[in-house]
Amino acid sequence: MLFNSIDFALFLPVVFAVYWLLQRIGPRTQNIWILFASYVFYGWWDWRFLLLIFFSTGIDYVVGLRIKPDLPLAQRKRWLWLSVAANLGMLGFFKYFNFFAGNFVAAFTFFGAPIHAPSLNVILPVGISFYTFQTMSYTIDIYRGKLVPTRDFIAFAAFVSFFPQLVAGPIERASNLLPQMLKKRVFSRDQALQGTRFLLWGLFRKIVIADAVAPAVDIIFANHADYSSAVLLLGAVLFSFQVYADFSGYSLMARGISKLLGFELMVNFNFPYFSRNFGEFWRRWHISLTTWIRDYLYIPLGGSREGKPKAIRNIFIIFLASGFWHGANWTYVVWGGIHAILFIPSYIRGTNRKNLDPLPKTRFVLPTLMDSWHILRTFFLVTLASVVFRSESVSHAYAFITELFSFRGSGLALVNPYDHQSLTQEYLFIVVFMILEYLHTTRWINLFQVRNTFLSHLFDALLIISIIVSTHLDSQLSFIYFQF
Amino acid sequence: MQGFFRHIFTTVLLFALLFEGTLRITGIAGHKIPAANIDGNFLLQPGAEGVWIAGAKGEIQAKYSINPQGYNSIRNFEQDLANDFNGKVSIALLGNSYIEGYHNDVEESIGRLLESYTNDSVVVHQYGRMSANIADYALLYQQHIRGKYDYVYVLAMNQTVTQTTPRYMDQGQIKFNTEEQEKCYDRIHLVRYFRYNLKLVVKYKKEWEKRMTRFNNKWKRSSIHSQNPLKKTKTGKKPPKRKIHREAIETFGEETFFLFEKQRMRYSNHPLLKDRCVEIFPVLLPDDFGFDGHWNMNGQKNCARAMKNHLDVLRKAQTTTSPEDSASE
C-alpha cells in the first residue's frame, strides 16, 4: 500500500495505537506487532513477495549466527559468501535476468549468430533492491567484527521487514536499527510530533510537488521531438524536482512514521540541490545507498589508499554499480558513468572534500554570488544527467539532449507547454518549496521543529490543505523508487 | 501521549476552520444538484440552475440547467414534441453521466454541438442520467422515446450494457427520500468538498463493494470445496464474463444505434449490436480531464462528430434508395 493512500491512512493509526498499547508488555511484543504489520503492509501488494523476504531473513539470520569469531577465516568467508550469493542471486534473478538474456541475444545477433534465449515473465518484487542490501550489511558487519549477531529472530525479522523503510529505503544499517529493536521504546511527545511534521512535509513533497509535475514530465519526455529546446529544458528541470521530491518525500515519510513508533532512521537526503560541487552532492543525495556502496564496495576495492589511478578506477566502478542498482537498463549505467565523469575532476583537484559544512547563513538571506553560481552549475549538470536517468533508452536520451542543445523554437510555451492546464500553480509551489528548504538549510528557520505555538499549528494546517487540494485520488501515482 | 493528541486535535481543528473558510470564500466546494421524483423516476429538480464544480482545485466548473422533464438540458422536450420539432430531424440521445454532461456547459452539450454541425437541421434531446444503464434506457425507450424520434442513439459502455437493474427509472420513490435526509450534511462546505470534489464517499463505497464481492466470491468457492472435499476443483477460476442484457437491447427499434468508444466497450462485435454500432473516434485529444475520465469539450466534440458523420451516411443511403423507388413506380 502506498503512503499516500486511504488504505495506509487507516492502517497507520491502527498500528500506532496497538503498538503503544503493547508498550506495557514489552519490546518483544511490540516487535511481534511490527513484524505482523510489516508483513501485512508488504503482502498488500502481492502475498507471494513475502516468500522472498522470509527467505532473505532466514538465510541471513542463520549466517549471522554461524559467522563466529572463533571460526577459521575460510569458513567465515564461506558463510558470508552464502549470504551475499543468496541475496544477490535473488536480486539478480528477479531484476536482471531478462536484461542479461536480452543483451546476450543482442550480442550474438550483432556478430551474425542469432540465438534464442528464454525470457521470464517475472514481476519485480517491490523493495527487493533495498532489503537485500540491508540484510547483506548485517552479515558483512558481523564478518568484519563490527556487529554482534542477534539471537532474537523476531527483532531481526522486524529489522529486515520494518515497513516504513521496507520498499524504498533508507537502506538502514543493522548497527543503527537493530539495537533500537532490542531496547525498550518510550513514547516521546516531541519525537512523535516531529514524526508527524516529517510525514506532512514528506507528503507535501510527494503530492504537491512530485505528482503535480509528473504529467508534464511524462508528456514532454514522450513527445520531445514536438517541443522547443526551452520546453525540453523545462521538462528536464521539472523531472529533477520530481525525482527529488518523490524520493526524498518517501524517505522523510519513512523517518516520520518511524519516529511515531519511537525509532530513528538515518537521514537519506540532506537538501542536495543546494550543493556547490559534485562531492557535496553525493554526500547529500541518497545517503544510505552511497554510504553503503562506499563501505561495502569502494573500501574493499582499496578505496583511495592505493594511489590515484586505482582510486579513479574504483570511483568508476562504484558509480556504475550505483547506476546499475537502480535498474536493468543501460540508461542507469550511463547515468552512473556520467556522474563518475563529473565527480572525478573534483577528486583529482582534491576539492571533493570541500564544502563539508552546510551553506553559510548570510546577512541578507540570499547565498553569495559565488555560492549561487556553484549551486546553479551543479544543479544544471545534475539535471542533464537526470535526462539519461529518465529516458527509456540511451538513444532516447541522446535525441532529447541533442534537441535541447539545438536551441530551436521559442520559449513562450514555458507556462503551458502541453496544451493542458497551465503550470503556473506548480511553479509557484516549487518556488515556495525551494525557498522554505533553502531557509531551513541556512538555519533561518527550522522546518522540523514543532512547538505548541499558533504559527506551528498554522504551518501544519496549511500543509494539510495544500496536500488535500493537490490530491487527485483517481490518478494516485506510485513512488518512482518503488520500481527499483 | 495526551499532549501529543491535544496537539494533533488543535491542528486538525485549525485546519478544519481554515479550510472551511477558504472553501466558502473561493466557492469551489461542489454541491449535489437537487433531485426529484418525476413520474416515479429518480431525476433532477426542474428549474434548478447553477455551476457544477468538481476536482480538488475546482478545476471543472460548468453551468447546468434542469429542464421540466428533469434532465440537464436547455431544451423543453415536451414543447419540442408538441411543436413536432419544427419539421427538423429529431434525435434522442440516451446515456449515463457522459451524456448528462455536467462536466461541460449545458449550452455546449453534445446535442447543441450536433445541432450546430448540422446547421440546425436537427433537434437533439439528451436523456442523460448518471449511473444509468441499459435497463434504464430500455424502460425510458418504452415509456417516452418509441415512435417519437427519427433516430435514437444510445451510448454503450462495458459497465452499462451488462447491467440488468435500472438505476433511476422507476426508482424515484426509493432514492428521493435518501436525498432529502442528506441535505443537512451539505451545509458544511468541508463535507461537500470531500463528497463532491474529491468524491470520497462514492469512490470508497465502490471500492468497498468491489472488495466485498471479491471476498464473497472467494468464500463461496471455498464453501463449495469444503462441501465435497473428495471432488477435484479448479483453483484460481476467473469469474464468468458478463453477458450483455439481451432483453433490454432487443427492446430498441430499428431507428436505434449504439455509440461506443473502443477502449470503453468490448461488445461492439456482439451479434445484437454489430450492425448498429457507431464508433466514436478520438480525433481531438485529450478527450477527458486527466484526473476525471469524463469527456471534456474535445470528448463531446468527438461524440457529436461521430453522430454527424453517421447521420450523413444515413441520409446518403436514403437518397441513394429514393431514385430507385421512383424509377420502379
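The values are calculated or read from the model by the stated rules, or taken from the named source; none is laboratory data. What you see is a predicted model; the values in this text were computed from it and never measured. Backbone-built Cβ (ideal geometry, glycine too); neighbour counts: all protein chains shown. Surface areas here come from the heavy atoms of the whole protein model, side chains and all, with no ligands, DNA or RNA. Shrake-Rupley method; radii C 1.70, N 1.55, O 1.52, S 1.80 Å.
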(request) Could you please find all residues in region B:1-36 being of a type in the set (S, T, Y) and either more than 9 Å from chain A (Cβ to nearest Cβ) or in contact with a Pro (Cβ under 8 Å, 6 or more places away or on another chain) (or both)? (result) B:T26
(request) With respect to A:T57, determine if the residue is under 18 Å from A:T150 (Cβ atoms), touching a helix residue (DSSP H, G or I) at 6+ places or on another chain (Cβ under 7 Å) and open to solvent by 20 Å² or more (accessible area, probe 1.4 Å). (result) no
(request) Can you tell me which residue within region B:257-288, out of those that are of a type in the set (S, T, N, Q) and in a loop (DSSP other than H, G, I, E, B), is most open to solvent (accessible area, probe 1.4 Å)? (result) B:N269
(request) Filter the helices (runs of 4 or more DSSP H) completely within region A:131-207 down to those with at least 3 residues that are within 30 Å of A:T471 (Cα to Cα). (result) A:163-166, A:189-203
(request) Filter region B:2-33 down to the residues that are outside any loop (DSSP other than H, G, I, E, B) and touching a residue at least 24 places away in the same chain (Cβ under 8 Å), then identify the one that is nearest to A:R451 (Cα to Cα). (result) B:A16
(message) For the structure I just gave you, tell me whether A:Q180 is within 30 Å of B:A56 (Cα to Cα), at pLDDT 90 or above and among the polar types (S, T, N, Q).
(response) no
(request) Considering only region A:434-464, state which residues are of a type in the set (S, T, Y) and within 14 Å of chain B (Cβ to nearest Cβ). (result) A:T453, A:S456
(request) Give region B:110-154 a look and list any residue that's in contact with a helix residue (DSSP H, G or I) (Cβ under 7 Å, 6 or more places away or on another chain), farther than 30 Å from B:R242 by Cα and not charged (D, E, K, R), or say none. (result) B:L113, B:L114, B:Y117, B:T118, B:V122, B:V123, B:V124, B:H125
(request) Enumerate the helices (runs of 4 or more DSSP H) found wholly within region B:94-162, keeping only those where 1 or more residues are under 23 Å from B:Y267 (Cα atoms). (result) B:97-100, B:134-140, B:158-161
(request) Would you point out which residue out of A:I53, A:I32, A:I59 is within 22 Å of the chain's Cα centre (by Cα) and in a helix (DSSP H, G or I)? (result) A:I53
(message) Filter region A:234-257 down to the residues that are within 17 Å of A:L423 (Cβ to Cβ) and either in contact with a Ser or Thr (Cβ under 7 Å, 6 or more places away or on another chain) or hydrophobic (A, V, I, L, M, F, W, C) (or both) and list them by number.
(response) A:L234, A:A236, A:V237, A:L238, A:F239, A:S240, A:F241, A:A245
(message) I'm checking my understanding of the structure. Among residues of region B:99-138 that are surrounded by fewer than 24 Cβ atoms within 10 Å (Cβ to Cβ), hydroxyl-bearing (S, T, Y) and in contact with a Phe, Trp or Tyr (Cβ under 9 Å, 6 or more places away or on another chain), which one is farthest from B:A306 (Cα to Cα)?
(response) B:S131
(message) Just checking: which of the helices (runs of 4 or more DSSP H) contained wholly in region A:247-335 hold 3 or more residues that are open to solvent by 10 Å² or more (accessible area, probe 1.4 Å) and of a type outside the set (F, W, Y)?
(response) A:287-293, A:308-326
(request) Name every residue in region B:37-90 that is crowded, with 16+ Cβ neighbours inside 10 Å, within 14 Å of another protein chain (Cβ to nearest Cβ) and not charged (D, E, K, R), in order of residue number. (result) B:I53, B:A54, B:G55, B:A56, B:G58, B:I60
(message) Tell me yes or no: at least one residue of region A:86-107 is farther than 24 Å from A:S251 by Cβ, not in a helix (DSSP H, G or I) and not small (G, A, S).
(response) no
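Every residue, every condition in (1) more than 16 Å from A:R255 (Cα to Cα); (2) open to solvent by less than 40 Å² (accessible area, probe 1.4 Å); (3) more than 14 Å from chain B (Cβ to nearest Cβ), yes or no:
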{"position": "A:T109", "(1), (2), (3)": "yes, no, yes"}
{"position": "A:T139", "(1), (2), (3)": "yes, yes, yes"}
{"position": "A:K146", "(1), (2), (3)": "yes, no, yes"}
{"position": "A:S161", "(1), (2), (3)": "no, yes, yes"}
{"position": "A:K184", "(1), (2), (3)": "yes, no, yes"}
{"position": "A:D190", "(1), (2), (3)": "no, no, no"}
(request) Mind telling me which of the residues A:A216, A:A225 ends up being more than 30 Å from A:S456 (Cβ to Cβ), within 14 Å of chain B (Cβ to nearest Cβ) and assigned to a helix (DSSP H, G or I)? (result) A:A216
(request) Take A:L342 and decide whether it is open to solvent by 20 Å² or more (accessible area, probe 1.4 Å), in contact with a Phe, Trp or Tyr (Cβ under 6 Å, 6 or more places away or on another chain) and not charged (D, E, K, R). (result) yes
(message) For A:P179, only one of the following conditions fails: (1) surrounded by fewer than 20 Cβ atoms within 10 Å (Cβ to Cβ); (2) within 14 Å of chain B (Cβ to nearest Cβ). What is its number?
(response) (2)
(request) Run B:K175 past the list (1) buried (at least 17 other Cβ atoms within 10 Å of the Cβ); (2) modelled with pLDDT under 90 and report the number of the one that doesn't hold. (result) (1)
(message) If A:A340 meets every condition in (1) farther than 30 Å from A:P125 by Cβ; (2) free of Cβ contacts under 8 Å to residues at least 40 places away in the same chain apart from one, which number is that one?
(response) (1)
